[in-house]
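The values are calculated or read from the model by the stated rules, or taken from the named source; none is laboratory data. What you are looking at is a predicted structure, and each value in this text was computed from that prediction instead of being measured. Note that we place each Cβ from the backbone using ideal geometry, even for glycine, and neighbour counts take in every protein chain shown. Calculation scope for accessible area: heavy atoms of the full protein, side chains included, ligands and nucleic acids excluded. Shrake-Rupley method; radii C 1.70, N 1.55, O 1.52, S 1.80 Å.
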Amino acid sequence: MALCWVVGRDGTRAEFYPLSSFPMYSKFDDRSYLVYLKSADGEPLPTVPTVSVFSTELKKQYGDDLNDLKKQFKGSHFDWSIDQKRLAGEATLRYLRDVRSPASFADGKLDGVRLVDVRVFREGNRIVTREDEVAALSAD
Amino acid sequence: MKTFFRTLFSNQLGRIRYAPWEWTVMRIGFAITFWFATWHTWRPWAVNIHDHYDIERANGLPSLMDLSWAGQPVPTYVIAALSLVLLVIYAAGRWKLGTTWVLFLIQAVVGGIHSSPEGSHHATQVVALVMLGQAAWFTWERFRPRRLAESGLDSASGAIFWSQQMICAGYVISAVSKWVNSGGGIIPGAKWVNQLPNIAVQFEKNRLQAFYDNLETPISTETNQWAIELLLNRPGLMMFFLALGFYIELLAFLTLFNRASALVVGIGLMSLHAFIFTIMNLPFYYFEAVDFLFFVNLPFWGALVLGKVRFSSSEKLATT
């Protein structure tokens, strides 16, 4: 486990189940983010019954897809435009459809599903949130 | 009570002797914990493994080879049935070397798939780690030189001690990650504690994520909002309580020193998880279970109160 922790210091993999550096909540910024799903007609969808995924897992996937874009775009994704984040959002929706929960998407059940990016900020002594629809899955 | 406090400060690292009945209770409790951590249901007919995962981002063994076939109905039921049979044998205390290694392998595969993509959650690692610790102990017990066997721990005490070490390793590594990732420094965790007012952002994020799971208001909403309010307006008080959580993780190895410290620190760790659940809606069922079984060890203290076990001069607390 100590080896796993050391290996993870340079940002490479620090996880090899069940070994982990258990990095959860190991540093705190004054901003964070999450994602949720909306139906084609704009209604929020519960992630567990809809795609059998917890919101935490959905956020993790989106975070990985945002990280993949760091080769392409500079700076923090907190400063990126919706268009820049769209690539990650679409990759996350494709992951849900093609890898994680194909049965949930069968027969066009989730055509037009959208991914909403929610940013949470601490501004002085209050919490502020901002939402953007970053991607939609077309019926292809 | 006086003896309890005297014991609290005595060093019995690696020398605590557990009675066979304590190991039996822990083994049965851990077998149940293991089943639930692996299959997430009490119903053997409702077991499930994801039959798709991204191998590039998979966690552990599933990242080395495509194990998605395990998620097909027949392999899933075979693996679940095998784990059920092995858990019964394990709980009965038979074939410990073989059962612990195979059960660890099953947990490493099923838990690895469920915990993919890597880093998605850390709920069940502790169960696999404890099983790995026990498998390693039974291997050592089988092959250790005779002179070490005569002076070393008996089978039950060794299995418990090695399980406890694995649990402690998880907590201490977690605390060290907090210490280093928050900026390091000479005083452990000082920078982490200093950043704590920003945890209000995480509390709000967790509340929203818990809501979007099922579009239901999470039961922790009230305490969550209270904690956010406190952090934003009177951060000192919350920083104090949350700092206690960091130091109890960092000092989790104190559980290894004697039975009394295992009880005190074990209750502290369980309280930490309960506090996090109350505010962040993040359940830590398996950490709670292993802390309760291997550290708090309530049956021993019950037996002590009932006079079924006694204090011994050599080990301070020993079973009769």
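Annotations for the structure displayed:
- Percent carbon-and-sulfur accessible area, chain B, ignoring ligands, DNA and RNA, probe 1.4 Å: 68 percent
- Cα shape, segment B:40-102, gyration tensor, a/c 1.5 rule: oblate
- Prolate/oblate/rounded label for chain B (Cα gyration tensor, a/c 1.5): oblate
- Working from the Cα coordinates of segment A:28-137, the gyration tensor eigenvalues give, after taking √(5λ), semi-axes of 24, 16, 12 Å in decreasing order.
- Net dipole in debye of chain B [+1 Lys, Arg Cβ; -1 Asp, Glu Cβ; about Cα centre; nearest 20]: 1440 debye
- Once the Cα atoms are used to define both axes, helix A:55-68 deviates from the longest principal axis of chain A by about 70 degrees.
- Here is what passes the span test in chain B: the DSSP H helices with alpha carbon length of 20 Å or more along the helix axis and a Kyte-Doolittle mean of -0.5 or above are B:20-39, B:73-91, B:96-114, B:125-143, B:155-181, B:235-250, B:259-280.
- Loop sites in segment A:22-75: trypsin sites (Lys or Arg not before Pro), DSSP, at most 11 other Cβ within 10 Å: A:74
- Straight-line cross-link partners of residue B:2 among the lysines, defined as a Cα under 23 Å from its Cα and at least 8 positions apart when in the same chain: B:308, B:316.
- Ellipticity estimate at 222 nm from DSSP helix runs (n ≥ 4, -39,500 (n - 2.57)) divided over chain B, nearest 500: -20500 deg cm²/dmol
- Averaging Cα coordinates gives a centre for segment B:275-313 and one for segment B:44-119; these two points are 28 Å apart.
- Degrees between helix A:82-95 axis and first principal axis of chain A (Cα, 0 to 90, nearest 10): 80 degrees
- Between A and B, roughly 5100 Å² of accessible area is buried in total, ligands, DNA and RNA not counted and the probe set to 1.4 Å.
- Apolar share of the accessible surface for segment A:21-140: 46 percent from carbon plus sulfur atoms, 1.4 Å probe.
- Surface/4 estimate of mean projected area, convex hull on alpha-carbon atoms of the protein assembly as shown, nm²: 24.3 nm²
- Where trypsin sites (Lys or Arg not before Pro) fall in DSSP loop in segment B:22-117, at most 14 other Cβ within 10 Å: B:94
- Peptide-level mean, for A:58-64, of C-beta atoms on other protein chains within 10 Å: 4
- Rounded to the nearest 20 debye, the dipole size of chain A about its Cα centre is 460 debye, using +1 on the Cβ of Lys and Arg and -1 on the Cβ of Asp and Glu.
- Note that segment B:48-157 presents 44 Å² accessible area per residue, ligands and nucleic acids not counted, probe 1.4 Å.
- Placing unit charges on each Cβ (+1 for Lys and Arg, -1 for Asp and Glu) gives the protein assembly as shown a dipole about its Cα centre, and among B:184, B:206, A:53 the Cα reaching farthest toward its positive end belongs to B:184.
- Entry note: segment B:165-255 has Rg to Rh equal to 1.04, where both radii use alpha-carbon atoms and Rh is the Kirkwood radius.
- The mean number of partner chain beta-carbon atoms within 10 angstrom of a residue's beta-carbon across peptide B:48-56 is 3.
- Whether segment B:214-320 is rounded, prolate or oblate, judged on the alpha carbon gyration tensor where a/c under 1.5 counts as rounded: prolate
- Lys/Arg +1, Asp/Glu -1 at C-beta; segment B:17-128 dipole; positive extreme among B:108, B:70, B:26: B:26
- With all pairs of separate Cα atoms included, segment B:58-186 yields a Kirkwood hydrodynamic radius of 16.6 Å.
- Taking amide H positions as modeled 1.01 Å from N, with prolines and chain starts lacking one, no residue 5 or more places away or on another chain lies under 5 Å from residue A:19.
- Partners for residue B:191 among lysines (Cα-Cα distance below 18 Å; same-chain residues under 8 apart left out): A:27, B:178
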